[in-house]
Amino acid sequence: MASTVPVSVVTPERELVTTEAEMVLVRGADGDLGILPHHIPLVTAVRPSVLEIRTPGGRARYAVTGGFLEVRGDQVTILARTAERPEEIDVARAEAAKERAEERLREHAEDVDTVRAQLALQRALVRLQVAEESRKTASV
């Protein structure tokens, strides 16, 4: 019985990572998911969240801004709109995006698309969380 499952994270621009995982953690459409080897088949939307891939050698965390997760056979594929490694995140840009989204939500103007602003805020917060956790881990 295999103790790992092949995982691929793909965006429209690139294949971010392909590895063997003991567990995959991500936020799906209906809540947080933990995928282990031999998981039942599943297709779900992925919400903006931290994607954690636990491997025999440790763990890796990525910022994903939505997409789809598919578990088929003994393979996990995440088709993400965008996915970034911690070192790829521009913290200043993510902070600016967070501030813009918060300002739009505070305005309550009729021309503000609230759902779009909330999603922008979620994406910025996820990026900042991944970057901050990476910075803390690197300084330990």
Next item on the list: Report the percentage of all Cα-Cα pairs in the range 64-140 whose separation exceeds 20 Å, rounded to a whole percent.
Entry: 46
Check: Per the Kirkwood formula on distinct C-alpha pairs, the Rh of the chain is how many angstrom?
Finding: 15.9
Check: What nm distance separates the two modelled labels at R135 and A45, each placed 7 Å from Cα along Cα→Cβ?
Finding: 3.2
Next item on the list: Pull out the extension gain between E87 and R100, defined as 0.36 nm times the separation in residues minus the alpha carbon to alpha carbon distance; nm, one decimal.
Entry: 2.4 nm
Item checked: the range 84-140-the range 1-30 distance, computed between alpha-carbon centres (Å) -> 23
Checklist line | Phi to ³J(HN,Hα) by Karplus 6.51 cos²θ - 1.76 cosθ + 1.60 over the range 46-58, Hz, x for Gly, Pro | finding: 10, 8, x, 6, 7, 9, 10, 10, 9, 10, x, x, x
Note to self: I need the Kirkwood Rh of the range 37-95: take the reciprocal of the average 1/r across all distinct C-alpha pairs and report it in angstrom.
What the structure shows: 12.7
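Find how much the distance from T55 to D113 grows on full extension, using 0.36 nm per residue of separation minus their present alpha carbon separation; answer in nm with one decimal. Write down the numbers at each step before the final one.
On the way: separation 58, 0.36 × 58 = 20.88 nm, distance 3.98 nm.
Once the chain is fully extended between T55 and D113, it gains 16.9 nm.
Laboratory data are not the source of any read-out in this text; all were calculated from the coordinates shown. The structure presented is a predicted model; accordingly, all values stated were derived computationally and were not measured. All Cβ positions, glycine included, derive from the backbone under ideal geometry; neighbour counts span all protein chains shown.
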